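*Asks:* Structure provided below as structure tokens; questions to follow.
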Amino acid sequence: MILYEFDYERPIDLEQAASQLRRLGKNARLAAGGTALFPSMRVDNDRPDTIVSLAAMSPEPPKTQPDGSIRIHSLMRLAAIERSPVIEDALPMLARAASVVGSNQIRHMATLGGNLCQDTRCLYLNQKHDYQFKAPCYKRGGEVCFPFPNNAPDVCWSVYMSDIAPALIALDAQAEVIAEGRVRLTSVESLFSGSGMTPLNLAGDEIVRAIIVPAVGKRFGWGYLKSARRGGMEYGVSIMSVALTGEPGRRSCRSARIVVGAIRERPVRVTQAESLLAGSPLADQALARPAAAVAKEISPLPHHGFTRSYIRDDIRVKFARVLRDAVERMSRTDGREGGRNDE
Ligand SMILES: Cc1cc2nc3c(=O)[nH]c(=O)nc-3n(C[C@H](O)[C@H](O)[C@H](O)COP(=O)(O)OP(=O)(O)OC[C@H]3O[C@@H](n4cnc5c(N)ncnc54)[C@H](O)[C@@H]3O)c2cc1C
Ligand code: SF4
């Protein structure tokens, strides 16, 4: 990969990195694993003068906090998340989500923070531009949108593809965000703006330092599926994620969080289907209705050659399976705390 020349900073901790980002302003970019940023620079979508590299730092291992929540450092590599006994035990859905990102090589470099903070994607954007076409699109400061020519100049329908964000939102995770002299806690859900132009609600000098996932209760079950044509090295057609809590006896659902990724500019909470599930029976034959409700409620954007109706149909069929998995895992909890139930 041939890149242009840029300056390189190597801070020793995240606080120093935050100060450097503030000092250097909008021409600096943070690099964690670099697996999303450097390809983006390679195709000229990003052209920072300075890279603030986090390569000198090592993440603290994931920790169970006194309230049972799990704190995970943002620099943790996805391969380490996939194999962490703490995460596998308490948050198997997160371990699963980490395990389906890219390839083994990618997961050994890629970090949790970088995965969440990756840019949206579009077939027209993620190409070498002088090779593919000449005119830049709206997102690159040009005057055209190739796949959606009727869009206004401020509307970009590129798609947010993280495999991990939907799982974290289903688990109601929080993000600890730092900048020079300040720290804030925000839900992972509210990290995303919904705009394809600027998909993250993060200032240029802000860094995600940690993710905190609350303890799941009793009678908890999860389902997760990355729908893709191949088993690896591929972005998803969609990412389906559900976290269910059952009533005592587990015959009906108390509450549900349903999140679908890779269908819009941000991960999508499917709230009407969540309400439909709450209080509903969890018998096998009753799951087709909420699955159909999910497919009906969402409004997927076509992406990577998949049409809107293909994505919707794919979700309708596969989401019933995701729900069945969640109910089955819930039935195996046997009264123990929810995440620690299987596999
Ligand atoms: C071949 C290939 C296949 C891929 N397949 C997948 C896939 O299947 N699923 C998927 O989700 N992704 C995929 N990716 C994208 C990418 O590899 C992953 O999302 C990865 O987790 C990004 O992490 P990173 O540490 O390498 O991020 P980086 O490239 O270092 O950073 C990505 C962006 O996040 C910002 N950033 C990094 N860390 C932080 C932080 N702590 N706080 C604030 N901002 C931060 C950077 O400034 C940059 O803008 C793929 C990439 C490649 C090259
Ligand atoms: S959807 Fe966005 S990234 Fe894709 S061509 Fe249109 S403006 Fe560019």
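*Asks:* Where the second residue is part of a strand (DSSP E or B) and charged (D, E, K, R) and the first is within 6 Å of ligand 1 (Cβ to nearest atom) and lies in region 111-123, which pairs have Cβ atoms under 9 Å and are six or more apart or on separate chains?
*Replies:* Correct list of pairs: 111/77; 113/209.
*Asks:* What's the number of the condition residue 49 fails, among (1) in contact with a Phe, Trp or Tyr (Cβ under 9 Å, 6 or more places away or on another chain); (2) within 16 Å of ligand 2 (Cβ to nearest atom); (3) more than 25 Å from residue 238 (Cα to Cα)?
*Replies:* (2)
*Asks:* Which condition does residue 135 not pass, out of (1) of a type outside the set (Ser, Thr, Tyr); (2) away from ligand 2 (no atom under 16 Å from the Cβ); (3) surrounded by fewer than 14 Cβ atoms within 10 Å (Cβ to Cβ), if it passes all the others?
*Replies:* For residue 135, the failing item is (2).
*Asks:* Scan 74, 58, 69 and give me the residue that is touching a strand residue (DSSP E or B) at 6+ places or on another chain (Cβ under 8 Å) and surrounded by fewer than 19 Cβ atoms within 10 Å (Cβ to Cβ).
*Replies:* Working: 74 fails: surrounded by fewer than 19 Cβ atoms within 10 Å (Cβ to Cβ); 58 fails: touching a strand residue (DSSP E or B) at 6+ places or on another chain (Cβ under 8 Å).
Going through 74, 58, 69 in turn, just one is touching a strand residue (DSSP E or B) at 6+ places or on another chain (Cβ under 8 Å) and surrounded by fewer than 19 Cβ atoms within 10 Å (Cβ to Cβ): 69.
*Asks:* Of these, 153, 199, which one is within 16 Å of ligand 2 (Cβ to nearest atom), farther than 30 Å from residue 319 by Cα and modelled with pLDDT of 95 or more?
*Replies:* 153 is the lone residue from the list that is within 16 Å of ligand 2 (Cβ to nearest atom), farther than 30 Å from residue 319 by Cα and modelled with pLDDT of 95 or more.
*Asks:* Report the residue count in region 200-227 for those that are touching a residue at least 40 places away in the same chain (Cβ under 8 Å) and part of a loop (DSSP other than H, G, I, E, B). Lay out the reasoning, then the answer.
*Replies:* Let us first name the residues in region 200-227 that are touching a residue at least 40 places away in the same chain (Cβ under 8 Å), namely 200, 202, 204-227.
After this cut, where a residue has to be part of a loop (DSSP other than H, G, I, E, B) as well, the list is 202, 204-206, 214-217, 219.
Number of matching residues: 9.
*Asks:* Examine region 79-91 for a residue that is modelled with pLDDT of 95 or more and under 23 Å from residue 182 (Cα atoms), and state whether such a residue exists.
*Replies:* There is no residue in region 79-91 that is modelled with pLDDT of 95 or more and under 23 Å from residue 182 (Cα atoms).
*Asks:* Next question. Got at least one residue in region 278-296 being within 16 Å of residue 228 (Cα to Cα), touching a Ser or Thr at 6+ places or on another chain (Cβ under 9 Å) and at pLDDT 95 or above?
*Replies:* No; the residues of region 278-296 include none that is within 16 Å of residue 228 (Cα to Cα), touching a Ser or Thr at 6+ places or on another chain (Cβ under 9 Å) and at pLDDT 95 or above.
*Asks:* Right, another one. Assigned to a loop (DSSP other than H, G, I, E, B) and aromatic (Phe, Trp, Tyr): does that describe residue 4?
*Replies:* Here the answer is yes, as residue 4 does meet what is asked.
*Asks:* Being in a strand (DSSP E or B), of a type in the set (A, V, I, L, M) and within 26 Å of residue 217 (Cβ to Cβ) is the filter here; which residues of region 157-193 pass it?
*Replies:* 175, 185
The values are calculated or read from the model by the stated rules, or taken from the named source; none is laboratory data. The structure presented is a predicted model; accordingly, all values stated were derived computationally and were not measured. Cβ sites come from the backbone with ideal geometry, for glycine too, and all protein chains shown count toward neighbours.
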